[in-house]
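The values are calculated or read from the model by the stated rules, or taken from the named source; none is laboratory data. Model, not experiment: these values are computed from the prediction. Cβ placement follows ideal geometry from the backbone for every residue including glycine, while neighbour counts extend to all protein chains displayed. These area figures cover heavy atoms from the full protein model, side chains too; ligands, DNA and RNA do not enter into them. Shrake-Rupley method; radii C 1.70, N 1.55, O 1.52, S 1.80 Å.
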Amino acid sequence: GGTYLYHSGGVWREYFRGTAAHSTMRLKGSDQSIQSGAFNWASKARARIVSLVPRLDAFRIEAQHDGYLERFGVIHRRSIERKSPGSYLIEDTLLSNTPQTGAEVGFMVSGQLKVNESANGWMISGVGGTRVTIESPALTGRSHERALTEPQILGWTSTAFGTKDPATRLVLLPPTGLRTISTAIVVHSDGA
């Protein structure tokens, strides 16, 4: 995501305010909140914390939003748990009475980092020998988007006002009907 421009950004402003520009779940290609102009919302997702375990050694937070409730009958709940130093589990759950289609979980990665596919996800590497893996074994597919402008804008960040920078959006595609998508993120130090 990012700031980009406030008044003259047009479709770029819409993109940077939208769900696809952030590391979260998107349902049926739709934003969690519906934009109405450069600063307003026609429909704004309401979020709340469900539970919180504020321990430094093994924190866990669970929150949810209702941005997809009216349109698709779904609440999106996300939990993030620190399993051990450098190891995190993210679970995205669709709370619904009916199986859902068209869910995707995206993660934005700086364009300055190198991304390679691994068995169940990606290996991201940068300067200083730090590597990060993002993996989710229960997938029907995965893709990545980088600096696209057609047919839609995808894979960009804005690190400062007035700038837009190429980035990589990693996309996990769960099977139809899967209610919880588990993603492991592990930070590996040099030599690990």
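Go through segment 116-152 and give me each residue that's of a type in the set (V, I, T), under 20 Å from T19 (Cβ atoms) and open to solvent by 30 Å² or more (accessible area, probe 1.4 Å).
T149
Name every residue in segment 97-110 that is in contact with a strand residue (DSSP E or B) (Cβ under 8 Å, 6 or more places away or on another chain) and surrounded by fewer than 16 Cβ atoms within 10 Å (Cβ to Cβ), in order of residue number.
G102, S110
Filter segment 24-42 down to residues that are crowded, with 16+ Cβ neighbours inside 10 Å and polar (S, T, N, Q) and give me whichever is nearest to S182 (Cα to Cα).
Going through the qualifying residues, I end up with T24.
Just to confirm my filter: which strands (runs of 3 or more DSSP E) fall fully inside segment 46-148 and include at least 2 residues that are polar (S, T, N, Q)?
Counting at least 2 such residues, we get 75-84, 87-95.
How many of the residues making up segment 51-63 are open to solvent by 50 Å² or more (accessible area, probe 1.4 Å) and not charged (D, E, K, R)?
Counting residues in segment 51-63 that are open to solvent by 50 Å² or more (accessible area, probe 1.4 Å) and not charged (D, E, K, R) gives 6.
Pairs needed: first member in segment 72-91, closer than 19 Å to L56 by Cα; second member anywhere, open to solvent by 50 Å² or more (accessible area, probe 1.4 Å) and among the hydroxyl-bearing types (S, T, Y); C-beta distance under 7 Å; at least 6 residues apart or different chains.
I80/Y88; E81/Y88; R82/Y88
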